[in-house]
1. With the condition kept exactly as written, say whether any residue in the range 16-27 is surrounded by 14 or more Cβ atoms within 10 Å (Cβ to Cβ) and touching a residue at least 60 places away in the same chain (Cβ under 8 Å).
2. So which residues in the range 37-86 are assigned to a strand (DSSP E or B), surrounded by fewer than 13 Cβ atoms within 10 Å (Cβ to Cβ) and in contact (Cβ under 8 Å) with a residue 24 or more places away in the chain, if there are any at all?
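Read-outs: derived from the displayed coordinates by stated rules, not from any lab. This structure is a prediction, so every number in the text was calculated from the model and none was measured. Backbone-built Cβ (ideal geometry, glycine too); neighbour counts: all protein chains shown.
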């Protein structure tokens, strides 16, 4: 594990490097998201306290080349895919 990756996940995290909620060290470690009890693999951003995830919609992109996203509300459960020992 790297020194700059904390053991707890933040309330809000984004995969977009332009976002102020982007944390490369955490994303490199591997984050999984359970949304309403279902594993989601297309999450672009999440917020636990507000109860939403932003998921990409297929392969569609906007005019700037960024993926189109859809905001879904529900129960968000982020977790590390690996353990601290590995």
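1. no
2. Selection gives 79 alone.
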